[in-house]
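What follows is a single structure, written as structure tokens, with notes after it.
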Amino acid sequence: MVTSSSAVGRLLPAISSRLRPPPDAELREYGGVALVRRKRVIDVGCGDGRMALGCAPYASEVFGVDPDPSAIRLARTKARELGAANTHFKVGVAQELPFADGSFDVVILSWTL
């Protein structure tokens, strides 16, 4: 069964990261590396993992969630290529996150509809 919230990623697939600013520039706008340093971060609507992978060198652990399975596959591939062992990517929607309240120190919604 496809609910209205789970259909979003299929109807509006992730747009290429090439159209967005580099993650370090965007992170600077949010307050810099101190925002994520040694913290658990979740990137909701992570697409291909651009921002999640940009936070990974500084964070203790990063989770990316996106409704588009092909974007999540690409994010996992990029994480393996970068050796970002502290990143995890799941298919899912913001309305139904599979984590308990208080699981993360920082929530990022970057270029998310």
Conditions: (1) surrounded by fewer than 21 Cβ atoms within 10 Å (Cβ to Cβ); (2) aromatic (F, W, Y); (3) under 14 Å from A94 (Cβ atoms). F63 meets all but one. Number of the miss?
(1)
Across the stretch 94-113, what is the number of residues that are under 19 Å from V33 (Cβ atoms) and open to solvent by 70 Å² or more (accessible area, probe 1.4 Å)?
3
State the number of residues belonging to the stretch 51-89 that are more than 18 Å from F104 (Cβ to Cβ) and of a type outside the set (A, V, I, L, M, F, W, C).
11
Is there a residue in the stretch 28-45 that is acidic (D, E), modelled with pLDDT under 95, assigned to a loop (DSSP other than H, G, I, E, B) and open to solvent by 10 Å² or more (accessible area, probe 1.4 Å)?
no
Just checking, how many residues over the stretch 70-93 are of a type outside the set (V, I, T), without any contact (Cβ under 8 Å) to a residue 24 or more places away in the chain and either open to solvent by less than 80 Å² (accessible area, probe 1.4 Å) or in a loop (DSSP other than H, G, I, E, B) (or both)?
2
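Of everything in the stretch 48-59 that's outside any helix (DSSP H, G or I) and closer than 11 Å to R76 by Cα, which residue is most open to solvent (accessible area, probe 1.4 Å)? Walk me through how you get there before you give the answer.
Of the stretch 48-59, the ones outside any helix (DSSP H, G or I) are 48-49, 56-59.
Those still in the list that are closer than 11 Å to R76 by Cα too: 48-49.
Working: D48: 17, G49: 0 Å².
It comes out as D48.
The values are calculated or read from the model by the stated rules, or taken from the named source; none is laboratory data. Please read these numbers as outputs of a predicted model, since none were measured by experiment. Virtual Cβ from ideal backbone geometry, glycine too; neighbours counted across all protein chains shown. In case anyone asks, the SASA skips ligands and DNA or RNA and just uses the protein heavy atoms, side chains included. Shrake-Rupley method; radii C 1.70, N 1.55, O 1.52, S 1.80 Å.
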